[in-house]
1. Yes or no: LEU219 under 23 Å from LEU137 (Cβ atoms) and not hydroxyl-bearing (Ser, Thr, Tyr)?
2. Given (1) within 12 Å of the chain's Cα centre (by Cα); (2) closer than 19 Å to PHE208 by Cα; (3) crowded, with 17+ Cβ neighbours inside 10 Å, identify the lone condition not met by ARG98.
3. May I ask you to list the residues in the range 164-188 that are surrounded by 14 or more Cβ atoms within 10 Å (Cβ to Cβ) and without any contact (Cβ under 8 Å) to a residue 12 or more places away in the chain?
4. With part of a helix (DSSP H, G or I) and at pLDDT below 80 as the only criterion, which of ALA107, ALA103, ALA90 stands out?
5. When PRO158 is evaluated against the numbered criteria (1) modelled with pLDDT of 90 or more; (2) closer than 21 Å to THR99 by Cα, which criterion, by number, is the only one it fails?
6. For the subset of the range 109-120 comprising residues that are in contact (Cβ under 8 Å) with a residue 60 or more places away in the chain and of a type outside the set (Gly, Ala, Ser), which member is surrounded by the most Cβ atoms within 10 Å (Cβ to Cβ)?
7. Test ILE187 against the criterion of being hydrophobic (A, V, I, L, M, F, W, C), at pLDDT 85 or above and assigned to a loop (DSSP other than H, G, I, E, B), and give yes or no.
8. Of all residues being under 18 Å from MET93 (Cβ atoms) and among the aromatic types (Phe, Trp, Tyr) in the range 138-155, which is modelled with the lowest pLDDT? Just the residue, please.
Amino acid sequence: MISKASRKLWDEDVGLTGLLVVLLLETFVIYPFIDSDFGGFAIHLVFIGVLITGVMAVSQTPHWARVVAIIAALGLGSHFWGYAYPSSRALFMALGFRTVLTATLIAIILMHVFKRGPITYRRIAGSIAAYMLTAILFGYLYLIVCTINPEAFNIDVPKLSGDVHALMGRLTYFSYTTMTSVGYGDILPLSPSARALSMLQALIGQLFPAILLARLVSLEIEYNLRRRKTKEN
């Protein structure tokens, strides 16, 4: 029953629009205005639900869904562990699982955006969601770098507490400014690893929209040609 419902959700691309709404709330409401772990944890639960339904929809067997469910459970467990017993190891594990989940969700979204068929507004919403998720993914990577090296950026790294969520908001802001090549200069990467990630993200930020637009246009042209041939026959 759950598998059928998830397939219907993603086959009709409704999940793409819903995910974009969640990302907009997270980016413009949760991160800037909520300085606690609760908002991030709630959004994390939504991510897990969308991710599992997406995997169940695209996989021919339930094995991938089980793997993702295990990763999600480990991520939630490490999150609770870090909340009860703050430590750099718990934070690193939680961020690692979130990074894997976010990267998997990006792959699932792009599979649906690039599938054959007409280019609807929901698939365009999915492409925007993939772009925003990429920025959030790099935000997690930057936070991992800060966990390893607190002097990786010219910002104050808080102790292992709820303030880490506020730091994630600042690094997500830095991620968006880097990806869009705005670069206000208020946050600067100082360590070699932080600078390498910043250069990689800046490159992705330039190439992603161009490649995505070219692919969507080619899919629309291909769909119109096939529909025209079907009418002629």
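The values are calculated or read from the model by the stated rules, or taken from the named source; none is laboratory data. Since the structure is predicted, the reported quantities are computational estimates derived from the model, not experimental observations. As a convention, Cβ positions derive from the backbone with ideal geometry for all residues, glycine included, and neighbour counts pool all protein chains shown.
1. On the way: under 23 Å from LEU137 (Cβ atoms): no; not hydroxyl-bearing (Ser, Thr, Tyr): yes.
Here the answer is no, as LEU219 does not meet what is asked.
2. (2)
3. Residue satisfying the conditions is THR177 alone.
4. Numbers: ALA107 fails: at pLDDT below 80; ALA103 fails: at pLDDT below 80.
It is ALA90.
5. (1)
6. Narrowing the range 109-120 to residues in contact (Cβ under 8 Å) with a residue 60 or more places away in the chain: 109, 112-114, 116-120.
Of the ones still in play, those that are also of a type outside the set (Gly, Ala, Ser) are 109, 112-114, 116, 118-120.
Working: ILE109: 27, HIS112: 21, VAL113: 23, PHE114: 15, ARG116: 8, PRO118: 10, ILE119: 16, THR120: 13.
Within the range 109-120, the match that is surrounded by the most Cβ atoms within 10 Å (Cβ to Cβ) is ILE109.
7. Details: hydrophobic (A, V, I, L, M, F, W, C): yes; at pLDDT 85 or above: yes; assigned to a loop (DSSP other than H, G, I, E, B): yes.
So ILE187 passes the test.
8. Across the range 138-155, the extreme among qualifying residues is TYR140.
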